[in-house]
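First up is the structure itself, then whatever we jot down about it.
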């Protein structure tokens, strides 16, 4: 996935039109956003910072840079974290139980498929 595709995916995840994003980051028109998304042009450094703020994504995701061994989340994972934070104690416990059960299931599945 290139930078234009990551901009488009992140914008759509935020339910923004190209014109909304253009206004939010201070570019003249939605055509600029369209050109970025189609790979015709690329944003400059200041625009990348503005995009990351507007789309709530790390620059490392937008630039497809994973040089450091730091925890990073995809836009989808960030969305899940944001939704999780809105849950009450009961909802968080239910999600934690589900994740624990799925982790065990996947671990067992990987163990059984890996054994000969």
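We did not get these values from a lab; they are worked out from the coordinates using the rules stated. Model, not experiment: these values are computed from the prediction. Note: ideal-geometry Cβ built from the backbone for every residue, glycine included; neighbour counts use all protein chains shown.
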Ranked by GNM mean-square fluctuation in the chain (Cα springs under 10 Å), the top entry among 86, 52, 106 is 106
Note to self, the chain gives a 222 nm [θ] from helices alone (DSSP H runs n ≥ 4, -39500 (n - 2.57) apiece, / all residues, nearest 500) of -21000 deg cm²/dmol
Diffusion coefficient in µm²/s returned for the chain by Stokes-Einstein, Kirkwood Rh over C-alpha pairs, 4 °C and 1.567 mPa s, is 78 µm²/s
At 10 °C and 1.306 mPa s, the Stokes-Einstein diffusion coefficient in µm²/s for the range 3-62, with hydrodynamic radius from the Kirkwood sum on alpha carbon pairs, is 145 µm²/s
Here the range 75-114 gives, from Cα atoms, an Rg and Dmax in Å of 13.2, 39
By the mean-Cβ-within-10 Å protection proxy, highest first, 74-85, 1-12 rank as 1-12, 74-85
Stretched fully, the stretch from residue 56 through residue 14 gains (0.36 nm per residue minus C-alpha distance, one decimal, in nm) 14.2 nm
